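Reading through the structure tokens given below for one structure.
Laboratory data are not the source of any read-out in this text; all were calculated from the coordinates shown. Just so it is clear, the model here is predicted, and its values are computed rather than measured. Positions of Cβ are generated from backbone atoms using ideal geometry, with glycine treated the same way; all protein chains shown enter the neighbour counts.
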Ligand SMILES: [Fe+2]
Ligand SMILES: [Fe+2]
């Protein structure tokens, strides 16, 4: 039976933001350099770790949102959920193309995918609302990272052009749909305590896993002893001024505010910026 959820909270999503499915082709092939960020294995494998995590990660996001599809009557919300799912599915498709390239080069992608699947399997043991809380947490981390992609020029500096285009497109769409799951969570009556509990849990799993996979990839690639890569890599991630992880800490922690909403940071301008610069790449 259909359970109707009333609109309990109003989304702060700016009127100009319209979650849109876009099909792209970045022309990824084996001419992508082996270490495609600044010729640095550490930074490159850091991104590869993200890329392999997305395979089951984005499936989890889609499933946790689809769990509520039959409970929602409002057509606008259903359209937004559908666009969200199509965006995430296409992200996975594009990252699978990258994953196939790195697998050819010796990265044991199925092994890493299996590890992530096991970790997410823990999330799947919880109820629907709790799974959605996990998704909201992951979407928030992704939105913070994506904001960096546009606001910190250091992120894409020295990145191979096609790879930069792939990540920038993904980052733009993560910004565009950053409130879809959060608004759904509020709408179905998700509580603050559950939201922050699962956010804490997600952070305790997510960050160690990213670095575990990064270092395992470096080890398997016989690059773990390459000392020269570490300082530029640590600076890329953790430098207080330019480090893409260090700089997001305040935004990440803002999730603990009871009044938090993803659009408290209004970065809709980045979507427009991407469309103006790259709109002609869209194939549909
Ligand atoms: Fe995504
Ligand atoms: Fe997302």
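What ranking do 93, 48 get, fewest neighbouring Cβ atoms within 10 angstrom at the top?
Listed from fewest to most nearby Cβ atoms, that is 93, 48.
Looking at the stretch 176-284, I'd like the Rg to Rh ratio, where Rg is from alpha-carbon atoms and Rh is Kirkwood's inverse mean 1/r.
1.06
With n ≥ 4 as the cut-off for DSSP H runs, can you work out [θ] at 222 nm for the chain, using -39500 (n - 2.57) per run divided by the number of residues, rounded to the nearest 500?
Only helices count here, giving -20500 deg cm²/dmol.
What relative contact order, as a whole-number percentage, does the stretch 42-274 give when Cα pairs under 8 Å and 6 or more residues apart are counted?
It comes to 29 percent, rounded to a whole number.
What FRET efficiency would be calculated for the residue pair residue 220, residue 59, taking the C-beta separation as r and a Förster radius of 30 Å, to the nearest 0.05?
0.75
For a footprinting-style exposure proxy, rank 142, 44 by other Cβ within 10 Å, fewest first. Could the numbers behind the result be given before it?
Details: 142 23, 44 27.
Placing the least packed residue first, the sequence is 142, 44.
Work out, step by step, the length gained on full extension between residue 197 and residue 105: first 0.36 nm times the residue separation, then minus their alpha carbon distance; give nm to one decimal.
Working: separation 92, 0.36 × 92 = 33.12 nm, distance 3.90 nm.
Answer, rounded to one decimal: 29.2 nm.
Under 8 Å for C-alpha pairs, at least 6 residues apart: give me the relative contact order for the stretch 173-247, rounded to a whole percent. Walk me through the intermediate numbers first.
Working: 20 pairs, mean separation 7.3, N = 75.
It comes to 10 percent, rounded to a whole number.
According to the Cα gyration tensor, what semi-axes, each the square root of 5 times an eigenvalue, does the equivalent ellipsoid of the chain have, listed from largest to smallest in whole Å?
31, 21, 19
Rank the residues 230, 236 as a footprinting-exposure proxy: fewest other Cβ atoms within 10 Å of their Cβ go first.
By the 10 Å Cβ count, ascending, the order reads 230, 236.
On a 0 to 90° scale, report how tilted helix 128-151 is relative to the longest principal axis of the chain, with both axes built from alpha carbons and the result rounded to the nearest 10.
With rounding to tens, the tilt is 50 degrees.
If I take R0 = 25 Å and measure r between the Cβ atoms of residue 264 and residue 151 in this structure, what FRET efficiency does the formula 1/(1 + (r/R0)^6) give, to the nearest 0.05? Intermediate results must be reported in sequence, preceding the final value.
On the way: r = 15 Å, r/R0 = 0.60.
With a Förster radius of 25 Å, E is 0.95.
With axes computed from alpha carbons, what is the tilt in degrees of helix 109-124 against the longest principal axis of the chain, rounded to the nearest 10 within 0 to 90?
The angle comes out at about 30 degrees.
What is the helix-to-structure angle for 41-66, meaning the angle in degrees between its Cα long axis and the longest Cα principal axis of the chain, kept from 0 to 90 and rounded to the nearest 10?
Computed tilt is about 20 degrees.
If R₀ is 45 angstrom, what is the calculated FRET efficiency for the pair residue 118 and residue 276, using the beta carbon separation as r and rounding to 0.05?
Efficiency for this residue pair is about 0.60.
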